[in-house]
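Only one structure is covered here, and it is reproduced in the block below.
The values are calculated or read from the model by the stated rules, or taken from the named source; none is laboratory data. Here the structure is a predicted model, which is why all the values come from computation and not from measurement. Cβ coordinates were reconstructed from backbone atoms using ideal geometry, including for glycine residues, and neighbour counts include every protein chain displayed. Accessible surface is based on the protein model in full, side chains and every heavy atom, while ligands, DNA and RNA are left aside. Shrake-Rupley method; radii C 1.70, N 1.55, O 1.52, S 1.80 Å.
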Amino acid sequence: MTRISLLLSLSLLLGCAPMPEIGPLPAANQAAPALLPLNDVLAQVPEARLSASGGEALAARAARLQNRARLMKGAVHDPATRSRLAAAVAAGRA
């Protein structure tokens, strides 16, 4: 019981803390930033800021992310799990 009261007291104290300044929020009617292809982004970076290894690391990371996104497409569950879940839904157990 003392742990609960201590946790409650601490949360109340934290709730009384002043709100931090986060600056103005972006306007809701502003357009979203444009998404650019990686080659266009790399072309805009000055040569002094981007080393060959940095560009290669960035391209490798982009390839990993694209591969990960490709793996996320498709079915989430295997066919056996899907049929088991469908049967449970049909039976009203889910």
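Values for this structure:
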| item | result |
| --- | --- |
| 222 nm mean residue ellipticity, helices alone, for the chain (DSSP H n ≥ 4; -39,500 (n - 2.57); rounded to 500) | -18500 deg cm²/dmol |
| Helical segments meeting 18 Å axial Cα length and Kyte-Doolittle 1.0 threshold in the chain (DSSP H) | 2-15 |
| Electrostatic dipole magnitude of the chain [Cβ: Lys, Arg +1; Asp, Glu -1; Cα centre; debye, to 20] | 640 debye |
| Heavy-atom surface of region 20-94, accessible at 1.4 Å and reported per residue (Å²) | 92 Å² |
| Relative packing of peptides 69-81, 16-28, 52-64 - highest average C-beta neighbours within 10 Å first | 52-64, 69-81, 16-28 |
| Alpha-carbon Rg/Rh ratio, for region 16-94, with Rh computed the Kirkwood way | 1.24 |
| Carbon + sulfur, % of accessible area of the chain - ligands and nucleic acids excluded, 1.4 Å | 64 percent |
